[in-house]
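Some notes on the structure that comes next.
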Amino acid sequence: MKRISAYFISLLIFSCFGAATGQDTISYNPKIRVAADIFGPVYYIADKNLLSLEGFLSVDFDTNKAAVIEIGYLDYIYSQYNYDFLSSGYFMRLGVDFNTLNPGTSQGKYYAGIGLRYGLSIFRAETPFLEHENYWGSVTGFAPPETSAAHFIELSPGIRTEVFRTVSIGWTIRLRILVYSGTGKDLKSIYIPGYGNGTKVFSPGINYYIIWSIPYRKAK
């Protein structure tokens, strides 16, 4: 992580220097990018209770802005001594990425910036087993499956770099704020697909992407 942070800082310094010495006009190729997250599948190897699959599609507006749509699926299992919890569903994020590198530095190959997203999660949660002990003894029960819709917003700083002509790699940090949990204030979901811990207003996360880039026109 220290090496990645140092690289991110170096890119920002290089972009500032490039802004002062770069050309007034450059040619560039706006791109369509398709990406797959590999962090979720790798994490599933270590923890079979959490499966997350997601990716994104982005289209460049110009040299430093791109429209982004992210979609994914998550399946979560949580067990304690007195209850079990299941949550699964689909999520989507819509927003814009802002590249802080100047065009002469980025060249359509490098990205160091921040994204702004609106997120929607449609998920199904249930508690198939619940045990509660009181003065008179132990009581068992369950909460049936219920479908809910949660809304959140997020900031997503990150970096990307081209490793081959059409292939890039990069990571994105997720800084998410819950707007509506979908279940009300008295009954909160332990885990919301695409967001994280539904009992908290703030939920961080991370993705690591492999990205395929397709130029779709030439511009200046």
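The values are calculated or read from the model by the stated rules, or taken from the named source; none is laboratory data. Remember, predicted model here, so these are calculated numbers, not experimental data. With ideal geometry, Cβ positions are generated from the backbone for all residues, glycine too; neighbour counts draw on all protein chains shown. With ligands, DNA and RNA removed, areas are computed over all heavy atoms of the protein, side chains included. Shrake-Rupley method; radii C 1.70, N 1.55, O 1.52, S 1.80 Å.
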For the range 155-220, with +1 on Lys and Arg beta carbons and -1 on Asp and Glu, the positive-most of 187, 203, 168 along the dipole: 168
Under the definition of Cα pairs under 8 Å and six or more residues apart, what whole-number percent is the relative contact order of the range 76-220? 21 percent
About its Cα centre, the chain carries a charge dipole, from +1 on Lys and Arg Cβ atoms and -1 on Asp and Glu Cβ atoms, whose size in debye to the nearest 20 is 1000 debye
Can you run phi through the Karplus equation (6.51, -1.76, 1.60; θ = phi - 60°) for the range 105-115 and list ³J(HN,Hα) in whole Hz, with x for Gly and Pro? 7, 6, 6, x, 10, 10, 9, 9, x, 9, x
Only four residue types carry charge here, +1 at the Cβ of Lys and Arg and -1 at the Cβ of Asp and Glu. Report the dipole size of the range 108-160 about the Cα centre in Debye, rounded to the nearest 20. 600 debye
FRET efficiency for residue 109 and residue 180 from the Cβ-Cβ distance with R0 = 41 Å, rounded to 0.05, comes out at 0.60
Using +1 on the beta carbon of Lys and Arg, -1 on that of Asp and Glu, and nothing else charged, what's the dipole of the range 16-125 about the Cα centre, debye to 20? 80 debye
The simple spin-label model distance between residue 79 and residue 140, using points 7 Å out along Cα→Cβ, in nm, is 1.4 nm
Value at 222 nm in deg cm²/dmol, rounded to 500, when DSSP H runs of n ≥ 4 in the chain each add -39,500 (n - 2.57): -4500 deg cm²/dmol
For residue 101, list long-range residues whose amide hydrogen, built 1.01 Å from N in the peptide plane, is under 5 Å from its own amide hydrogen. 112
For the range 19-137, build the charge dipole from Cβ charges (+1 Lys, Arg; -1 Asp, Glu) around the Cα centre, then report which of 69, 51, 129 sits farthest towards its positive end. 69
Proximal lysine pairs in the chain, meaning Cα under 12 Å and 8 or more positions apart or interchain, come to 5
Quick check: at a probe of 1.4 Å, how many percent of the accessible area of the range 122-220 sits on carbon and sulfur atoms? 63 percent
